[in-house]
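Here the structure is laid out as structure tokens; the discussion comes afterwards.
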Amino acid sequence: MHYLDLDTWNRREHFELFSKYKEPYWGLTVEIDVTIAKCLADSLSVSLYIYYLHAAVHAANQIKEFSYRIDENNRIVVYDEIHASSTLNREDGSFGFSQITYAEDFSDFLAHANKEIERVQTSSSLFGSVHTDNVIFFSALPWVHFTSLSHARNFETTKGIPMISFGKILQTKDTFTMPVSIHVHHGLIDGLHVGKYVDAFQEILNS
């Protein structure tokens, strides 16, 4: 990790402006084609959620702006790698927060994910033992094919961590699509960067 040099950053004024906002986050919802991803996950006999979660965090590691975070001194930290902090459901209807270590290789990521799934499902705690800022907050609402989404947020503090949510997958003929909600800090990430992220996510799912 290192700190971004604000004196040479072409978005310094943007950061200073939006960081003063009570609500500096903005978001949108896009439809993602998961047809190929579903076929590949089925062929591997693995969870489709873990499969596209890996693709989502893999895409984030390709877009440098998704690695920017704000520290307690209002400096921008640039992390070398971003991991997945996903909500994981339990059989009793509750959920717990996880931190799944990123690995470019899917089998390695799957091993990390399975370890966290077991930890969450055998625990009653909301939080795990590891909490870092170099994550993206992921969640899934497989019961609802939404067209927009809002988040519970603490306006007193913000670290600029992106929040990405996945909705219910729908089938139209031979195509499967999934709504994806993306919320980001406007001082760190613009529409251009989200567009690059969406393209990278879709490309990885199709490969």
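Values in this text are rule-based calculations from the coordinates and carry no lab data. Not measured: the values here are computed from a predicted model. As a convention, Cβ positions derive from the backbone with ideal geometry for all residues, glycine included, and neighbour counts pool all protein chains shown.
Put simply, when 164-176, 2-14, 47-59, 74-86 are sorted by average Cβ atoms within 10 angstrom per residue, most first, you get 47-59, 74-86, 164-176, 2-14.
A simple rule links phi to the HN-Hα coupling: the Karplus curve 6.51 cos²θ - 1.76 cosθ + 1.60 with θ = phi - 60°, which for segment 42-57 gives 4, 5, 8, 6, 10, 4, 5, 4, 5, 5, 7, 5, 4, 4, 5, 6 Hz, with x for Gly and Pro.
For the chain, the Kirkwood radius over C-alpha pairs fed into Stokes-Einstein at 4 °C and 1.567 mPa s yields D = 73 µm² per second. Here's the list of lysines a cross-link from K115 could span, going by alpha-carbon distance under 30 Å and ignoring same-chain residues fewer than 8 apart: K38, K64, K159, K168.
Rounded to the nearest 5, the antiparallel percentage of DSSP beta bridges internal to the chain is 75%. Rounded to the nearest 500, the 222 nm mean residue ellipticity of the chain from helices alone is -9500 deg cm²/dmol, with -39,500 (n - 2.57) taken per DSSP H run of at least 4 residues.
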